[in-house]
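The structure appears below as structure tokens.
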Amino acid sequence: MSDAAIHIKSLRVQYGRFTAVDNLDLEIRKGELFGLLGPNGAGKSTTIRVLIGQRRPTGGSVSVLGHDVVREWARIKPLFGYVPDRENHFEEFTGNRNLEFFAELYGVPRLRVRECLEMVELEEAGNTLVRGYSLGMRRKLLLARALLHNPRVLYLDEPTANLDVHSAEVVHRILRERVSQGATVVLTTHDMDEVEKICDRVGIVCKGKLVALDSPLALKQRHTERQTDVILATGERRTFDMDRDADRQALADLVRAGATASLQTREFDFHATFLKLTGQAFE
Ligand SMILES: Nc1ncnc2c1ncn2[C@@H]1O[C@H](COP(=O)(O)OP(=O)(O)OP(=O)(O)O)[C@@H](O)[C@H]1O
């Protein structure tokens, strides 16, 4: 049996004449935490909209856990949870009541509402109207809602936007726990530190096309250099590529001759990798 949870084949999505997703091929494995990355307008949310059935592909096909998203939608719907980029809670209900509403829809016991609120550390705010929630609390309530029915696939559109450091870590821990229990998690984010910390693999899209696919570590090793910035005793600034023999030798000679005033080494950098792969790096 295939170890892919999600098969995206030649996916094309158009808004009128504009192509937002352009012939995208991607396989996301079961039990991995996958980051879908790209600059603003790259087509990430559009791809997720197809996965959650909000947008029909213009061309190509997408299957989730063996079911086609268009033809077998009813089979897919109970299998996934979704955290949208914009919240859509009932403002005049408490956090508890918001979740109870969805628990009834999913047919899950009320006890699960309490569990999910505890998971995101909102148990004390359960009886407060959502109108009084902070931005971070609202995002955590979205995650709690998406977890109610214990889905096998979880899609999250920028799940840690507006979260403080501790809350972001709570979310990271929950997502890693889900994948360790066999769930597949797909998220979009603009936070490259988050990507390096929690993603098993990433797909980078740019103008609707996939431009890179691998683990964050493999991508940064392949696409960025280790460099050393040097200020010479004369005040001149030079940069040496530590992956080139000639540069390493030249730097060693300068150090031996006592010609360097300061040295600073830059290791592989995922931010730089992302900018380079999406054509946004400064020359
Ligand atoms: N409903 C729509 N009608 C017309 N164009 C749209 C619509 N939704 C998105 N687009 C366009 O499609 C392109 C891809 O948008 P999408 O929201 O998928 O990008 P994204 O990668 O999620 O960006 P961001 O990081 O800014 O959220 C953009 O150029 C956007 O303007």
Worksheet item: Which sequence of TYR106, TYR82, TYR133, TYR15 reflects their accessible areas, 1.4 Å probe, from the largest down?
Response: TYR106, TYR15, TYR82, TYR133
Practice prompt. Quantify, in whole percent, the carbon and sulfur part of the accessible surface of the range 225-267 (1.4 Å probe; protein heavy atoms only).
Written response: 45 percent
Worksheet item: Using a 1.4 Å probe on the protein chains only, how many percent of the accessible area of the range 17-157 belongs to carbon and sulfur?
Response: 47 percent
Worksheet, complete the sentence: When the charge dipole of the chain is computed with +1 on Lys and Arg Cβ and -1 on Asp and Glu Cβ about the Cα centre, the Cα farthest towards its positive end, among GLY66, LEU187, ILE48, belongs to GLY66
Fill in: Residues of the chain: accessible area per residue with a 1.4 Å probe, Å²
51 Å²
Worksheet entry | On Cα atoms only, tilt of 95-106 relative to the major axis of the chain in degrees | 70 degrees
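Any chance you could run the full-extension gain for LYS197 through LYS276? It's 0.36 nm times the residue separation minus the Cα-Cα distance, nm to one decimal.
The span from LYS197 to LYS276 would gain 26.4 nm if fully extended.
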Worksheet item: When the chain is modelled as a GNM with alpha-carbon springs shorter than 10 Å, which of GLN14, GLN221, GLN264 fluctuates the most?
Response: GLN264
Worksheet item: For the range 225-267, what relative contact order do you get, as a whole percent, if you take Cα pairs closer than 8 Å and at least 6 residues apart?
Response: 51 percent
Worksheet item: For the chain, what does -39500 (n - 2.57) per DSSP helix run (n ≥ 4), summed and divided by total residues, give at 222 nm, in deg cm²/dmol to the nearest 500?
Response: -10000 deg cm²/dmol
Fill in: Order by protection proxy (mean Cβ within 10 Å, highest first), peptides 54-63, 134-143
134-143, 54-63
Practice prompt. Just need the relative contact order of the chain here, percent rounded to a whole number, with Cα pairs under 8 Å and 6+ apart.
Written response: 20 percent
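The values are calculated or read from the model by the stated rules, or taken from the named source; none is laboratory data. What you see is a predicted model, and the numbers here were worked out from it, not measured in a lab. Ideal geometry is used to build each Cβ from the backbone, glycine not excepted, and the neighbour counts take in all protein chains shown. For the accessible areas, the whole protein counts, side chains as well, though only heavy atoms, and no ligand, DNA or RNA atoms are used. Shrake-Rupley method; radii C 1.70, N 1.55, O 1.52, S 1.80 Å.
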